[in-house]
1. How many angstrom lie between the C-alpha centres of the range 49-69 and the range 285-351?
2. Return one number: the angle in degrees, 0 to 90 and rounded to the nearest 10, between the long axis of the Cα atoms of helix 94-104 and the longest principal axis of the Cα atoms of the chain.
3. Volume per residue, Å³, of the convex hull around the alpha-carbon atoms of the chain?
4. On C-alpha positions alone, give me the angle between the axis of helix 138-150 and the longest principal axis of the chain, in degrees, nearest 10.
5. I'm a student and want to see the number: the projected area of the Cα convex hull of the range 118-160, averaged over all directions, in nm².
6. At 25 °C and a viscosity of 0.890 mPa s, what translational diffusion coefficient does Stokes-Einstein give for the range 17-70, taking Rh as the Kirkwood radius over Cα pairs? Give it in µm²/s as a whole number.
7. What 222 nm value per residue comes from the helices of the chain, counting each DSSP H run with n ≥ 4 as -39,500 (n - 2.57) and dividing by all residues, nearest 500 deg cm²/dmol?
8. Report the calculated FRET efficiency for residue 293 and residue 153 (r = Cβ-Cβ distance, R0 = 45 Å), to the nearest 0.05.
Ligand code: ADP
Ligand code: MG
């Protein structure tokens with residue numbers, strides 16, 4: 001129901017690369033919850049502002065339900081928006097804040113207040129209607145901002161880092177709540193965030209942005225298990241994916257990734273086209289897909305423990321090549337029961353078929 005077609009945004013006077021958004025294509029279905037995720041400055045807010053109608057694309061088309069809305073005013077777009085700062089009106093009561101978008105639409109006061117009350121019940125803030133924003137906690141202010149965005153029954157809800165001002169614990173509660181409300185109301189929702197955990201937890205699909213372009217647009221598990229490029233692979237995951245420089249070679253009829261520190265035989269079902277042989281690749285493996293193994297295991301690699309960090313839920317172990325040939329440190333995760341200390345010599349192995357290969361272009 002929302003289509004972005006080849007959207008470009010250039011800010012006047014922007015000196016560097018020029019384009020805040022650079023040829024963005026995106027389709028969002030009715031009722032879907034989509035996150036725009038990426039590092040600071042990648043164009044998330046700019047994209048959201050164009051959806052809201054607060055900014056005009058330099059070129060490209062924005063369609064709602066198949067209709068071009070490039071020139072439709074924000075107030076005529078049937079959207080609700082929550083900004084990072086909440087931007088509540090400090091001099092207005094919670095009631096008047098929530099009723100504000102309705103009053104703007106010339107809905108009579110009595111009716112606007114009734115609808116404000118209904119919306120406040122959904123967000124469980126109906127006991128706060130007479131207060132001023134300054135008399136509310138951060139979490140309550142956040143709910144008022146949500147209620148204000150939802151009071152006019154928008155078709156589309158736009159959220160720009162709505163949880164960035166909340167402490168870690170409250171964030172989790174609010175996150176669940178936003179998702180619940182969104183499901184109940186069925187409102188198409190786009191959230192902008194730089195927090196990958198938040199995006200993956202809450203969304204049906206996530207668009208990973210970098211440099212104003214979409215790198216990958218897919219459901220969370222797909223992004224995590226099948227990143228299409230190095231950017232997505234290294235951006236998603238905490239601790240991040242290990243990436244080791246290597247080369248593909250054919251050896252004794254086997255396909256092997258040869259690195260400075262180890263050789264890894266590709267399993268039969270992951271064999272590549274012959275044309276790939278001789279190419280440089282990055283070999284990627286996530287920390288939780290590496291296990292400490294016995295000295296007799298197949299495809300084991302001898303390593304030396306450099307550092308062990310206690311994460312509470314387990315241990316993050318950093319290992320290095322004892323011969324010093326491999327210049328990359330490798331991170332792996334173990335359970336708390338693993339008895340392991342820095343200086344230990346260990347064997348590690350990569351869990352079956354969990355590796356990723358990326359072309360070096
Ligand atoms: P994000 O929300 O992902 O952090 P933004 O959409 O805010 O990124 O910004 C994208 C790029 O556009 C950045 O390089 C930023 O500096 C630039 N930019 C954002 N707003 C303006 C503006 N009003 N004028 C000029 N450049 C801007
Ligand atoms: Mg932003």
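Bear in mind that the values in this text are calculations on the coordinates, not laboratory data. Keep in mind that this is a model prediction, so the values were computed, not measured. Methodologically, a virtual Cβ is constructed for each residue, glycine included, from the backbone with ideal geometry; neighbour enumeration extends over all protein chains shown.
1. Comparing the Cα centres of the range 49-69 and the range 285-351, I get a distance of 50 Å.
2. 70
3. Spread over its residues, the Cα hull of the chain gives 180 Å³ apiece.
4. Helix 138-150 sits roughly 70 degrees off the main axis of the chain.
5. Computed as one quarter of the Cα hull surface, the answer is 3.3 nm².
6. Once the numbers are plugged in, D ends up at 200 µm²/s.
7. -7000 deg cm²/dmol
8. 0.20
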